[in-house]
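Take a look at the structure below.
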Amino acid sequence: MKTNKPKIDFIGLSLELYEKNLPQLMDSLKKFSQEIKLILEKMAEVVYFSFACKREEIEKTFSSFKEMSFTHSYLEYSKN
């Protein structure tokens, strides 16, 4: 049975500074990102593009959006 759920393209974002200076924070942010994904999945089809901190990772992800013809992207920023 096909559902009419909206589709959400989701990437967890943080700062490279956190990755370098607060590596213990990264596990918490990644876990938080996964929790948000699980909540969103109750309401929508979620295409999850992992967690990114570095410019190159973010650019690669947004290139994927373009290749897949996505027109809207919903972003999650760090909760702090």
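The values are calculated or read from the model by the stated rules, or taken from the named source; none is laboratory data. Treat the numbers as computed from the prediction; the structure is a model and nothing was measured. Note that we place each Cβ from the backbone using ideal geometry, even for glycine, and neighbour counts take in every protein chain shown.
For segment 40-66, a residue qualifies if it is among the β-branched types (Val, Ile, Thr) and touching a Ser or Thr at 6+ places or on another chain (Cβ under 9 Å), and exactly one does: 61. Of the residues making up segment 1-25, those that are surrounded by 15 or more Cβ atoms within 10 Å (Cβ to Cβ) and not in a helix (DSSP H, G or I) are 8, 9, 10, 11, 12, 13, 14, 15.
Yes/no matrix, rows are residues, columns are (1) surrounded by fewer than 10 Cβ atoms within 10 Å (Cβ to Cβ); (2) part of a helix (DSSP H, G or I); (3) modelled with pLDDT under 70:
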site: 27; (1), (2), (3): yes, yes, no
site: 33; (1), (2), (3): no, yes, no
site: 43; (1), (2), (3): no, no, no
site: 47; (1), (2), (3): no, no, no
site: 51; (1), (2), (3): no, no, no
site: 60; (1), (2), (3): no, yes, no
site: 64; (1), (2), (3): no, yes, no
site: 72; (1), (2), (3): yes, no, yes
